[in-house]
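Below is one structure; the comments refer to it alone.
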Amino acid sequence: MEAPTSNRDTVIAAVIPTASAHVRLRPVGLLESRITGGMWAARRATNREVTIPHGAAQLERAGNVMNFRLAGGQEGAYRGGNDDFGTTAPFLDSDIHKWLEAVGWELAQGPDSRLQALADPLIELISKAQRDDGYIDTFFQVARPGQEFTDMQWGHELYVAGHLIQAAVAWQRGLGDDRLLRIAERFVDRIWRELGPDGRELVCGHPEIEMALVELYRTTARERYLELARVLVERRGHRLLAG
C-alpha cells in the first residue's frame, strides 16, 4: 500500500463520526490509502471492470430497472420474483440502490466513463419515478397503489429507503453529486410527515433506515434526520408491528 497523492482535506468514508463523537477509533478515509498490488488490488479491479457492469445487466434482466420505468408512467405489471410462499418480493428497489452506492464509492476513487454511463440513466429514472409528494418505492407505486405505510411488518418501505439514503451519501461524499441526495431527502421528508414524532407510531419490520438516517444527518447537518433515527430506534421493543 502507498499514500495517495490527493491532498483533499475531506474524509470520504461510509461512516463518519461527528467531531464531538466519543470514539477511540475513526475510519480511514477512502482516499487516504491505496492498494496497488496483490490479491486485493486484483479483486478490486475485477469489481470495477467486471462485477459492477455485470450487476447493471442483471438488474435490467431481472426487471428491477423496469419497475422504475413503470413507476415513472410506462405501462406494465410490477416485476418481482415470487418466494417459496408465492409472495411477490417488495424490496427489489434496494438492489438498484445498493448498486448505485457501489458505483458512487468506486467513482470516488477515480473516474470511469463506463460506470458513469451506466449509473446516470438510473439516477434519472429514479428521479422521474419519484412522486410529487416525495414518495418513491416502486412496489407500492405499481403493485400496491394506495397502500403506502400499511404493511410495516413485511413491506420493507423504510428498509428500501435506507438503501436509497446510503447510495445518496456515497455520491455526495465521494463525488459531490447531490442528485440522489435530493431524491432521498424528499423521501425522508415524506416519511417524517407520516411516521415522525407527530405521525403514526410505527416501525419497519426490517431495521436498516436508522443507521442510514444518522449518516444522512452527518452529511447534511439537518437535525431532523437524527431525530427521526432516534424516534424509530426508541419505538423498537414496544409491540408496534402488527400480525
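Can you give me the angle between helix 52-62 and the longest principal axis of the chain, using Cα atoms only, in degrees from 0 to 90, rounded to the nearest 10? That works out to roughly 20 degrees.
Solvent-accessible area assigned to carbon and sulfur over segment 175-243 amounts to 50 percent, based on a 1.4 Å probe. Within the accessible surface of segment 105-149, defined with a 1.4 Å probe on protein heavy atoms only, the carbon and sulfur portion equals 47 percent.
With the simple spin-label model, which puts each label point 7 Å out from Cα in the Cβ direction, the Glu32 to Ala77 separation comes to 5.2 nm. Estimated at the nearest 10 Å², the accessible area of Glu223 is 120 Å² with a 1.4 Å probe. With θ taken as phi - 60° and the Karplus curve 6.51 cos²θ - 1.76 cosθ + 1.60 applied, the whole-hertz 3J(HN,Hα) list for segment 124-136 is 5, 5, 5, 4, 5, 6, 5, 6, 4, 7, x, 5, 8 Hz, x standing for glycine and proline.
How would you classify segment 13-57 from its alpha-carbon gyration tensor, with a ≥ b ≥ c the square roots of the eigenvalues: rounded for a/c under 1.5, else prolate if a/b is greater than b/c, otherwise oblate?
It is oblate, given that a/c is not under 1.5 and a/b is not larger than b/c.
Shown here are the Rg and Dmax of the Cα trace of the chain, at 18.7, 55 Å. Round to the nearest 10 and give me the degree value, 0 to 90, for the angle of helix 93-108's Cα axis relative to the longest principal axis of the chain. Long axis of 93-108 versus the principal axis of the chain: about 20 degrees. The long axis of helix 179-195 is offset from the longest Cα principal axis of the chain by roughly 40 degrees.
Ignoring ligands, DNA and RNA, what accessible area per residue does the chain give at 1.4 Å, in Å²? Could you put the intermediate results ahead of the total?
On the way: 12890 Å² over 243 residues.
Counting only protein heavy atoms, the per-residue value for the chain is 53 Å².
Here the simple spin-label model places points 7 Å from the Cα toward Cβ, and for Glu201 and Glu234 these points are separated by 1.2 nm.
The values are calculated or read from the model by the stated rules, or taken from the named source; none is laboratory data. These numbers come from a predicted model, not from an experiment. Here the Cβ is made from the backbone with ideal geometry for all residues, glycine too, and neighbour counts use every protein chain on show. With ligands, DNA and RNA removed, areas are computed over all heavy atoms of the protein, side chains included. Shrake-Rupley method; radii C 1.70, N 1.55, O 1.52, S 1.80 Å.
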